[in-house]
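Let me begin by presenting the structure, written as structure tokens, before commenting on it.
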Amino acid sequence: MDRYTQLINTPVGRVVARNTPLPAPVPLERHVPGEPVLSGRALLSAAPGADPGAAPGATPGGGGRLARAAARVLAEIHAEVSSPLRAEAADAGLDAAPWTPQAAANQRYKALIFDATAIAASEQLGELRAFFAPTIRQIELCGRVVVLGTPPQQCATPAERIAQRALEGFVRSVGKEVRRGATAQLVYVSPGAEDRLASTLRFLLSPRSAYVSGQVIRVGGAGEPPAIDWERPLADQVALVTGASRGIGASIAATLARDGAHVVGVDVPALADELRAVTDRVGGSSLTADITEPDAPAQIAEHLSAEHGGVDVVVHNAGITRDRTLGRMDEERFNSVIAVNLTSIERIDEALVGRDLLRGGGRIVCVSSMNGIAGNAGQTNYATSKAGVIGLVEAYAPLLERATINAVAPGFIETRMTAAMPLPIREAGRRMSSLAQGGLPVDVAETVAWLACPASAGINGNVVRVCGQSLIGA
């Protein structure tokens with residue numbers, strides 16, 4: 001926690017925040033092993049469907065196709081739940097307390113979950129207001145808002161497509177209104193992929209998603225995901241993490257190891273001692289290589305083949321910056337960033353996939369950046385490389401037959417690099433988000449771990465910002 005956040009959460013600081021326009025960031029709740037997924041009451045509801053006679057705000061009578069799937073997840077995590085959806089709760093084995101809109105003011109909620117899949121026309125968008133207006137101010141500290149919808153391109157009619165696309169503006173605005181450490185997300189689930197919701201809903205309801213807000217996540221595919229131990233979902237798997245010696249890479253290595261993976265950390269020879277310290281600490285192994293060298297992909301592939309017979313999770317985290325404004329950018333500075341941050345990923349993936357070393361059900365997770373979405377002055381090389389990473393995900397997602405590929409795009413994360421920034425720039429980076437603070441390396445790591453989970457088979461081709469809903473590029 002930065003010093004400003006510490007100060008503003010003292011008794012004197014809270015008085016100052018109430019009487020000035022200063023941002024008032026709340027210390028975020030983060031995952032602690034053994035703690036419940038959701039530590040508080042959830043409220044589950046749904047739009048009532050396309051019944052012309054239904055009054056806005058009426059108790060839903062069904063119609064949404066994701067309420068039952070959400071109820072099953074809430075039952076599995078043993079959440080305390082209120083819901084007007086009596087039939088859906090019963091079918092899921094969920095013991096939910098009854099709820100009516102009139103009772104909203106009498107109960108606080110850790111999570112609000114709303115199935116909006118039955119909204120098939122713009123006239124029905126008022127159902128969002130009818131549910132959230134009386135409940136949004138009842139959300140607890142570090143609470144969660146999750147809206148469930150249908151991917152617009154998979155809607156049956158133009159009117160439904162319009163209405164479902166409108167959900168994005170609603171959710172992003174909610175994320176900027178809730179404050180107090182709370183977050184809001186939209187999850188589009190393809191028809192037939194209802195059983196693949198569990199991994200994503202668990203992540204978004206939990207403290208693991210502390211610094212993820214205002215995101216649109218798409219879940220697709222069909223079929224039930226494999227049964228896993230949710231405390232160690234990567235047990236008996238091998239995970240390759242590049243740039244693993246420090247910062248975000250070291251945190252990714254530790255988080256994947258916590259989830260059961262044997263981590264093979266990769267970094268340049270100059271960081272061999274730091275890399276070995278990280279991998280020794282998590283019970284993994286290390287491999288030193290300059291990933292831009294011509295023989296590096298083959299070296300990595302041969303190591304994984306000889307030592308582990310393949311790999312299950314590949315995390316492309318290695319990256320560098322060489323900042324200059326474009327008029328002062330020399331060729332070496334520009335090309336070296338592209339080589340490390342983008343071209344090396346393409347070459348490593350080609351080697352692993354080409355040699356059939358990425359096992360069935362494999363996961364590739366790339367670390368992009370908010371700068372790849374919004375750009376940044378003095379970083380044309382870096383922003384180009386990170387936008388290219390997003391392009392790589394979009395290009396390969398439909399081509400991988402037995403694996404998935406996704407990206408995380410961090411915003412302002414508290415690392416050695418950001419600590420070296422001038423104070424005004426550092427403070428601006430921290431405060432210019434809905435959560436009004438910087439994230440931690442573990443926030444990126446938890447998001448990577450969710451995408452790497454075997455139960456996340458329905459998540460493919462997504463780019464998830466880990467930025468506290470940054471106001472830049474939002």
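The values are calculated or read from the model by the stated rules, or taken from the named source; none is laboratory data. Since this is a predicted model, take the numbers as computed values, not measurements. Positions of Cβ are generated from backbone atoms using ideal geometry, with glycine treated the same way; all protein chains shown enter the neighbour counts. Remember, those area values only see protein heavy atoms, side chains included, never the ligands or the DNA or RNA. Shrake-Rupley method; radii C 1.70, N 1.55, O 1.52, S 1.80 Å.
Among the residues of the stretch 192-202, are any touching a Lys or Arg at 6+ places or on another chain (Cβ under 8 Å) and polar (S, T, N, Q)? No, the stretch 192-202 contains no residue that is touching a Lys or Arg at 6+ places or on another chain (Cβ under 8 Å) and polar (S, T, N, Q).
Among the residues of the stretch 97-130, how many are more than 14 Å from Gly49 (Cα to Cα) and within 28 Å of the chain's Cα centre (by Cα)? Break it down stepwise before answering.
We begin by selecting, within the stretch 97-130, every residue more than 14 Å from Gly49 (Cα to Cα); these are 97-113, 129.
Right, trim to within 28 Å of the chain's Cα centre (by Cα) and you get 108-113, 129.
Qualifying residue count, the stretch 97-130: 7.
Please specify each residue of the stretch 1-60 satisfying the condition of being over 30 Å from Pro424 (Cβ atoms), open to solvent by 50 Å² or more (accessible area, probe 1.4 Å) and at pLDDT 80 or above.
As a first pass, look at the stretch 1-60 and keep what is over 30 Å from Pro424 (Cβ atoms): 31-60.
Restricting the remaining residues to those that are open to solvent by 50 Å² or more (accessible area, probe 1.4 Å) gives 32-36, 39, 50-53, 55-56, 59.
Val32, Pro33, Gly34, Glu35, Pro36, Ser39, listed by residue number.
The condition of being in contact with a helix residue (DSSP H, G or I) (Cβ under 9 Å, 6 or more places away or on another chain), touching a residue at least 12 places away in the same chain (Cβ under 8 Å) and over 24 Å from Gly310 (Cα atoms) holds for only one of Ile364, Ile390, Ile405, Ile345, that being Ile390.
When only residues in the stretch 364-378 that are out of contact with any Leu (no Cβ under 7 Å at 6 or more places or on another chain) and open to solvent by less than 20 Å² (accessible area, probe 1.4 Å) count, which is farthest from Ala449 (Cα to Cα)? Step through it out loud before you land on a result.
Within the stretch 364-378, the first condition is being out of contact with any Leu (no Cβ under 7 Å at 6 or more places or on another chain), and the residues that meet it are 364, 367-378.
Then keep just the ones that are open to solvent by less than 20 Å² (accessible area, probe 1.4 Å); that gives 364, 367-370, 372, 378.
Details: Ile364: 11, Val367: 12, Ser368: 15, Ser369: 17, Met370: 19, Gly372: 22, Gly378: 31 Å.
The extreme case among them is Gly378.
Reported count of residues in the stretch 337-363, each being surrounded by 20 or more Cβ atoms within 10 Å (Cβ to Cβ) and either touching a Phe, Trp or Tyr at 6+ places or on another chain (Cβ under 8 Å) or assigned to a loop (DSSP other than H, G, I, E, B) (or both), is 4. For the structure I just gave you, tell me whether Leu234 is within 18 Å of the chain's Cα centre (by Cα) and outside any helix (DSSP H, G or I). Taking the combined requirement at face value, the residue satisfies it.
Does the stretch 143-152 contain at least one residue that is among the charged types (D, E, K, R) and open to solvent by 30 Å² or more (accessible area, probe 1.4 Å)? Break it down into steps so the answer makes sense when it comes.
Step one: filter the stretch 143-152 for residues among the charged types (D, E, K, R), giving 144.
Keeping just the survivors that are open to solvent by 30 Å² or more (accessible area, probe 1.4 Å) gives none.
Scanning the stretch 143-152, I find no residue that is among the charged types (D, E, K, R) and open to solvent by 30 Å² or more (accessible area, probe 1.4 Å), so the answer is no.
Condition check for Ile373 on (1) touching a strand residue (DSSP E or B) at 6+ places or on another chain (Cβ under 8 Å); (2) under 18 Å from Val315 (Cβ atoms); (3) assigned to a helix (DSSP H, G or I): one failure, at (2).
Looking at this structure, is Thr157 more than 22 Å from the chain's Cα centre (by Cα), at pLDDT below 95 and open to solvent by 30 Å² or more (accessible area, probe 1.4 Å)? Reasoning before the result, please.
Numbers: more than 22 Å from the chain's Cα centre (by Cα): yes; at pLDDT below 95: no; open to solvent by 30 Å² or more (accessible area, probe 1.4 Å): yes.
No: the conditions fail for Thr157.
Residues that are polar (S, T, N, Q) and open to solvent by less than 30 Å² (accessible area, probe 1.4 Å) within the stretch 200-255 comprise Thr200, Ser206, Ser209, Ser213, Gln215, Thr242, Ser245, Ser251, Thr255, listed in sequence order.
Just one of the listed residues (Thr380, Thr325, Thr321) is of a type in the set (S, T, N, Q) and at pLDDT below 95, and it is Thr321. The single condition among (1) within 22 Å of Leu125 (Cβ to Cβ); (2) small (Gly, Ala, Ser); (3) out of contact with any strand residue (DSSP E or B) (no Cβ under 6 Å at 6 or more places or on another chain); (4) in a helix (DSSP H, G or I) that Gly175 does not meet is (3). The test for being under 19 Å from Gln185 (Cβ atoms) and either open to solvent by 10 Å² or more (accessible area, probe 1.4 Å) or in a loop (DSSP other than H, G, I, E, B) (or both) does not hold for Gly429. Screening the stretch 172-191 for residues that are open to solvent by less than 10 Å² (accessible area, probe 1.4 Å) and under 15 Å from the mean Cα position of the chain (by Cα) and picking the one that is farthest from Leu148 (Cα to Cα) gives Ala182.
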